[in-house]
Structure formats: structure tokens, C-alpha cells
Amino acid sequence: MTKYIFYCFFLLLNLSPLFSQNQVILKEVDTYLNNYMDSVPMPGIAVVIVQGDQIIFQKGYGVEKEGGAKKMTTQTVTGIGELTMSMTAMAVLQLAEKGKLSLDDKVTKYLPWFRTANKPFSDKITIRMLLNHTSGIPAQFESIPSLNDQTAVEEFVRSMDSYYINKTPGLSYGASREGYCVAGLIISKVSGMSYTDYVEQYIFRPLAMNRTTTNPAKLAELDALYGHEIGLDKCQPAKKSIFDSSYVPAGSEMRSTAEDLGHYLIALLNEGKYKGKQVLNAASVEQMFATEVTFNGLGTMLGGNGLSIDYGLGWLKMMIDDRLLYVHTGNTGTMSSLIGINPATKTAAAILFNADSDRFDQFVYPSIQNVGNNILHLLANETPTDFARVRFDDPFDDFYDLQKTDWEKYQGRYVSIGDAHPIYKDYTIEVFVGDSDSLELKGFKEDILKGHFKLQFSSPSRAVLRSIVQPREIQFKLNPNGDVTGIFIFGSEFKKKDDSLGKQYTAIHAPNNTLSFLFPKNWKYAWQGNQFTAQSPENSAIQLKGNVESIVPIDFADYCQKQLANQTIISKGILKKETVKDGIWTEQSFCTKENGEIKQQLLVRYQDPKTQQQMALVLSNPWGEFTAELQELVMRFQKSVSFEEN
């Protein structure tokens, strides 16, 4: 016993200089992070640092919610976005270790029905291609809503039969969250468990990641954050959003904490082992970080070094400031995250942000990559650098003095029209005179504020959006008389709303008051029980029929086939499915022929999971008669439809 005590005392004496040095380094990290928080409008962050098999530093900074008093901690549950991809890759590798699949198996071995619009290409896709982003499956930026979280991923993957792959799979990098959704579905099929249950049992439990989940039922219990939207000069607390179950394996709804990610990093630093539990063997961990594909890196003007970036399985491999790092970032639109590993020093860090720092003005604030890189520098007793800091001046330095007498032309509400980018779909733009006594712009998705900006004009038709986010130029649409009729924002068009048009609509209620929507005042309509019919005053051949009933679990394609059973389908449009309020709006247009007459028909189904009610619509018009007025009718119907709970 005396020898053992002497040995422990001797060991402590030898470790004390190292411990003392670590304390100095960690104090520098703490000072750096405090300075970061003082310089950015970020409400809160949580940081964990790992060395070897130990967490050596963990701390929260700021508050969980802007304007609130509750402190951000390393137990705070936030969204981690695409950091989930390495966990999905880990799950696939676990199944490969058990001999249940091979990375080079074709996707169709496990999902025989899987295909894209060009089947010869999708037939070539392997599991490895899904994980290294070379599948060629194009990014969609939005998921297919579902009433059933358990079947949502499969429904989404099946919808890829309309996607078109424009490059040979396996040859080049192209970030695809969709590919990871396919991988997540394969995990479910091979394991016989849902993706959520699998990662819970085989990754989170062994790693004691007790506050990490993709289960929507646990979010309230864990007091999970929903992050922040970006305001004019500060962040605004985000509202609870509809659970996006389609993209779960790619990170849409993965929640975690800094401390839990520390456990995950310990396993990766120690050949897949955490506190005696092996979640992945050493060879598989090495495979995660091995180079699979290479693509162009960050240019020097954007703060990079111009070197190519390697991608493994859920991880980026980058040479930054003359040392090799494994990194990945993630964001949800209202939260963001970063993990980084320095394999040479066997140190790692994870940072969770309760706002999307990628959106912050890079000409003013340090990027998420810059912060993560500098933490790893400080841990190695190295000087921070300007990597990932923009190295050129703000290019939007033109100023045009728009006269106050012209401000009224720009003020008003603008609605999205045409094929808007998915990010700006269903947005409403409001231009007004703000408290700054200048023209300001706000963007809303339904009633949720998505952005607030000052307008810096460079000409009567061009302006720069200014706030704490990255500046962007927009264009106003002016007619020959100089009147403002619309706005172009990032490739999406918004039309100035004609208030007089709104006066032509009135609220219609079902007889039992369970359903309401806006409808043209001059259309004739009638209710008979839960069914209604309507007719255009200008053309009796333009008709709308609908009914309200309890949700029926019938596939939309089968519903359409039933509705058009007595007609010949000449062609059909793309299936559209989106979230409207708390329900799901599905629509598809058809060109049909009946008794020699060619018609255009729009079939719609709106399902509300809260009331368990659904509405079905069929809008029918002669070929070529789907006018702008009918488009307006459908748009207003969609935006106003609402089921009321009894």
C-alpha cells in the first residue's frame, strides 16, 4: 500500500507542470470566448473541449434566449444540424462491422424500389456514395411533409423518383442531405428499427449521451431550444417549428448538448471506445476520416488558403494553418454548431450556438470556422489566425439618396409569386418607414419574422439589405411610370400586393364551423352537408368542388386516380406537398380528356393532424383557362384555410 501511495504521489508531481500549463491555456481559451461573445450579437454558446479520454473544459456563455435570464450551459439542448451526418455514418459502419451490409452495396439491394427520374444513374448509387456526397442526388432545400413521423423518411425517399441526377454517381462531390436520408432509411431496413431508436440504442446510450435525441416526444422534457431568427440589430427568439421528420438522418431535428458531444468526441479520439464501451472498432473510425473525395477549398479572399478539401464519411479533412484537422459544421436556420479534431495533439472541441452564426455579417463578425480553428490553435499553445475571415472590404459601398417624397412608392406588402426558391416560398415582404426614420424591410413566413433589415439604396431600383446578417443586394421592379410593382430577392420574385384585390374576397365557413377560408365574393357557392360547390361568374365551366371529412389514410396518387377514374389522363404536373399552418397541403395538376373535351384539373388535399380532419378540392377549367385570377384564388385559399377544433 505504501508503494502504491508513493507511486501516485510521484505521478502527481510529474503531471503538475502539465496540469498547470493546461490551466493557463484553458484560461486563454475562456478569455478568447468571452471576447467573442462581447463582439457578436450571439445570445449564447456552449463549448466543450476534450483531450485524450477526458473532458478538460466545458462552459456556457450568454443566455438561452435573447432577453431572458436563463444561462446557456453545456447541458442546454440545441439543434446540431449536419453534425448528425457523422453519427449516421457511424451507424452504417456499425452495421457493416456486423456483416449486415457493405459500403459498396447498391442502394437497390436494400431498397429495391429506389429510383430517380433517370433510373440508370440511380441504379449505380452505393451506400458509400450516400455517405461521401458523391451520389449525385440533387439538393432540394425542403422536405416532403408527412402526418406520420415513422414513415416520413421513406415517403421522402420514394418521392425522389421525380429527381433528375445530372452527373454520374461516384465521380465528384456534391453535398446532398438527401443522400443521408436514403442512408438513414437503409439503417432502418437493415436493423429492423427506426433510425431514431437505432441511434438511441447503439450510439447515444453507450456514449452516455443522455440529452441527445431525434425523438420529438422528448424535446419538451429536455427543454430543447428552438434558437433565434435574425433581427435588425439583435437576434429574436424563434417560435417552435413543425417537426421536420423527413430529413432526420441528415440532421434536421437532432438535438444534443456540448457535454454529450464531448462524449462522442472522446470515442472518436480513442479508437471508438468510451469508458470501456466500444461503439466502433478502430479500423472503422479510421475509415470515417479516410479521404473519399476531394473538392475545391475556401479561396484566399474568403479567408481560406486555396487548398483542396477532402471528405471522408461524414467528416471534412482540411489542412488549415499547416496542420491537419477533421471538422464539420451544422445549422438548422435558427441554430448552428461546429466540431473539430486535431489528431496530432489528440484534442477536440465542440461549439453550439443558439443562433445561426453562418448568417452573421462576415465583414463584421468572425465566422464559425474562424472561432473553431482558433480554439484548436489556443489548445496547442499557438497564436490565433485570421483563417476564414473575409479579406476584402464590403463591396456594397454605393449610396443613393432616395428622396423621402418617393418612399411611399416602395412601402407596402409583397407576396411571393412564380417558382420561388424553397427558402423564400410563402414569404411575405413588408417595406415600411422604421424607427430609424428610413425605409426598412421585414420578411415573414406566415406570421413568423424571418428577417429585419434597413434598406441602403444604390439606385432607385437597387438596394442592399443591412442588419447583423451578411449584406445582400435586392432589386425593385419599376414600371415605366416609376411605380414600384415588385421585388426580386435571391432569384425569387415578390409582387406588390393590391389591397383592393383583398376587398374582393370574403371569409367562408362550413356549416359546422370546422373549416374556414377566403373566397371571391362574386363566385356562387353552396354547401350541402360537408360538401360544397362553386362556380365562376364569368364561365360556368370553371368549377370548384370540395368536401370535408375525417382524415382517410389513402395515398394521394390513389385519391387522384379515383377522382379521375372516368377521364383519360393526357399529362400531369409535378406533385407539390408543403406545410401550411399546422397541416399538409398536397396538390397536383392534370390535363384530362372526357367526352372529347380537354380540361385542366387541379386536385388538392389539405390534412390537419390536430383536428384529424381533411379537405379535398377539385378545381376544373377548360384547357387554357387557368388564368391569373384562378391562381390568385388558389393562393388565397391555401394561405387562409383553417380547421377549428370543436
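With respect to Gln614, is the statement that it is modelled with pLDDT of 85 or more, of a type outside the set (Val, Ile, Thr) and touching an Asp or Glu at 6+ places or on another chain (Cβ under 8 Å) true?
The answer is yes for Gln614.
Specify the residue that is nearest to the chain's Cα centre (by Cα); the eligible residues are those in the range 206-237 that are at pLDDT 95 or above and of a type in the set (Gly, Ala, Ser).
Gly227
If we keep just the residues of the range 58-74 that are surrounded by fewer than 23 Cβ atoms within 10 Å (Cβ to Cβ) and hydrophobic (A, V, I, L, M, F, W, C), which is farthest from Ile339 (Cα to Cα)?
Residue satisfying both the conditions and the ranking: Ala69.
One residue is enough: does the range 35-53 have a residue meeting the conditions in contact with a strand residue (DSSP E or B) (Cβ under 7 Å, 6 or more places away or on another chain) and assigned to a helix (DSSP H, G or I)?
yes
I want to confirm something. Restricting to the range 566-589 and keeping residues that are open to solvent by 60 Å² or more (accessible area, probe 1.4 Å) and within 17 Å of Leu515 (Cα to Cα), which single residue is modelled with the highest pLDDT?
Selected residue: Lys581.
Check whether at least one residue in the range 333-349 is touching a residue at least 12 places away in the same chain (Cβ under 8 Å) and in contact with a His (Cβ under 7 Å, 6 or more places away or on another chain), and report yes or no.
Within the range 333-349, one or more residues are touching a residue at least 12 places away in the same chain (Cβ under 8 Å) and in contact with a His (Cβ under 7 Å, 6 or more places away or on another chain).
Would you check which residues across the range 528-565 are under 27 Å from Pro622 (Cβ atoms), open to solvent by 60 Å² or more (accessible area, probe 1.4 Å) and of a type in the set (S, T, N, Q) and list them?
Across the range 528-565, the qualifying residues are Gln528, Gln531, Thr533, Gln535, Ser540, Gln543, Gln561, Gln563.
Kindly provide the set of residues from the range 342-368 that are of a type in the set (A, V, I, L, M), within 18 Å of Cys235 (Cβ to Cβ) and open to solvent by 10 Å² or more (accessible area, probe 1.4 Å), ordered by number.
Of everything in the range 342-368, just one residue is of a type in the set (A, V, I, L, M), within 18 Å of Cys235 (Cβ to Cβ) and open to solvent by 10 Å² or more (accessible area, probe 1.4 Å), namely Val364.
Among the residues of the range 33-53, is any free of Cβ contacts under 8 Å to residues at least 60 places away in the same chain, closer than 27 Å to Ile266 by Cα and surrounded by fewer than 17 Cβ atoms within 10 Å (Cβ to Cβ)?
For the range 33-53, residues free of Cβ contacts under 8 Å to residues at least 60 places away in the same chain, closer than 27 Å to Ile266 by Cα and surrounded by fewer than 17 Cβ atoms within 10 Å (Cβ to Cβ): present.
Looking at Thr428, Thr405, can you tell me which residue is surrounded by 15 or more Cβ atoms within 10 Å (Cβ to Cβ) and β-branched (Val, Ile, Thr)?
After ruling out the rest, the residue left standing is Thr428.
Would a scan of the range 88-106 turn up a residue that is of a type outside the set (D, E, K, R), closer than 17 Å to Ile187 by Cβ and within 20 Å of the chain's Cα centre (by Cα)?
yes
If we keep just the residues of the range 491-525 that are among the hydroxyl-bearing types (Ser, Thr, Tyr) and more than 30 Å from Pro471 (Cβ to Cβ), which is surrounded by the fewest Cβ atoms within 10 Å (Cβ to Cβ)?
Among those residues, the one meeting the criterion is Ser500.
When the range 600-623 is examined, which residues are found to be aromatic (Phe, Trp, Tyr) and within 16 Å of Tyr559 (Cβ to Cβ)?
Scanning the range 600-623 gives a single hit, Tyr606.
Would you call Phe488 open to solvent by less than 70 Å² (accessible area, probe 1.4 Å), modelled with pLDDT of 90 or more, in contact with a strand residue (DSSP E or B) (Cβ under 7 Å, 6 or more places away or on another chain) and of a type outside the set (Lys, Arg)?
So Phe488 does not fit the description; no.
Which one of these is touching a Leu at 6+ places or on another chain (Cβ under 7 Å), polar (S, T, N, Q) and part of a helix (DSSP H, G or I): Gln236, Gln287?
Answer to the check: Gln287.
Report yes if some residue within the range 375-382 is open to solvent by 70 Å² or more (accessible area, probe 1.4 Å), at negative phi, touching a helix residue (DSSP H, G or I) at 6+ places or on another chain (Cβ under 7 Å) and among the polar types (S, T, N, Q); otherwise report no.
no
Conditions: (1) at pLDDT 95 or above; (2) under 25 Å from His377 (Cα atoms); (3) open to solvent by less than 30 Å² (accessible area, probe 1.4 Å). Thr291 meets all but one. Number of the miss?
The number of the failed condition is (3).
Which of the residues that make up the range 600-630 are open to solvent by 30 Å² or more (accessible area, probe 1.4 Å) and under 17 Å from Leu518 (Cα atoms)?
Result: Ala628, Glu629.
Name the residues in the range 467-485 that are crowded, with 20+ Cβ neighbours inside 10 Å, within 23 Å of the chain's Cα centre (by Cα) and in a strand (DSSP E or B), would you?
Val469
Checking Ile339 against (1) open to solvent by less than 20 Å² (accessible area, probe 1.4 Å); (2) within 14 Å of Ala175 (Cβ to Cβ); (3) not charged (D, E, K, R): exactly one of these is not met. Which one?
Just one mismatch for Ile339, condition (2).
How do the pairs read when you match residues in the range 557-571 that are farther than 20 Å from Ser159 by Cα with residues anywhere that are among the aliphatic types (A, V, I, L, M) and modelled with pLDDT under 90, using Cβ under 9 Å and keeping only pairs 6 or more apart or on different chains?
Within 9 Å, the pairs are Lys562/Ile554.
Quick one: which of Glu221, Glu271 is without any contact (Cβ under 8 Å) to a residue 60 or more places away in the chain, open to solvent by 10 Å² or more (accessible area, probe 1.4 Å) and either closer than 25 Å to Val50 by Cβ or not in a loop (DSSP other than H, G, I, E, B) (or both)?
From the options Glu221, Glu271, the qualifying one is Glu271.
Can you tell me which of Leu324, Leu280, Leu265 is open to solvent by less than 20 Å² (accessible area, probe 1.4 Å), at pLDDT 95 or above and either within 22 Å of Asn374 (Cβ to Cβ) or in a strand (DSSP E or B) (or both)? First the steps, then the outcome.
Details: Leu324 fails: open to solvent by less than 20 Å² (accessible area, probe 1.4 Å); Leu280 fails: either within 22 Å of Asn374 (Cβ to Cβ) or in a strand (DSSP E or B) (or both).
Going through Leu324, Leu280, Leu265 in turn, just one is open to solvent by less than 20 Å² (accessible area, probe 1.4 Å), at pLDDT 95 or above and either within 22 Å of Asn374 (Cβ to Cβ) or in a strand (DSSP E or B) (or both): Leu265.
Quick check: is even one residue across the range 247-259 free of Cβ contacts under 8 Å to residues at least 60 places away in the same chain, part of a loop (DSSP other than H, G, I, E, B) and either open to solvent by 20 Å² or more (accessible area, probe 1.4 Å) or not polar (S, T, N, Q) (or both)?
No: zero hits.
Within the range 179-218, which residues are surrounded by fewer than 17 Cβ atoms within 10 Å (Cβ to Cβ), in contact (Cβ under 8 Å) with a residue 12 or more places away in the chain and either of a type in the set (Asp, Glu) or within 24 Å of Trp113 (Cα to Cα) (or both)?
Within the range 179-218, just Lys189 meets the criteria.
For Ser461, which of the numbered conditions (1) touching a residue at least 24 places away in the same chain (Cβ under 8 Å); (2) open to solvent by less than 50 Å² (accessible area, probe 1.4 Å); (3) of a type outside the set (Phe, Trp, Tyr) fails to hold?
All conditions are met except number (1).
Report yes if Asp149 is free of Cβ contacts under 8 Å to residues at least 24 places away in the same chain and surrounded by fewer than 22 Cβ atoms within 10 Å (Cβ to Cβ), otherwise no.
no
The values are calculated or read from the model by the stated rules, or taken from the named source; none is laboratory data. Nothing here was measured: the structure is a model prediction, and the numbers come from that model. Cβ coordinates were reconstructed from backbone atoms using ideal geometry, including for glycine residues, and neighbour counts include every protein chain displayed. Side chains included, ligands, DNA and RNA excluded: accessible areas come from the protein's heavy atoms. Shrake-Rupley method; radii C 1.70, N 1.55, O 1.52, S 1.80 Å.
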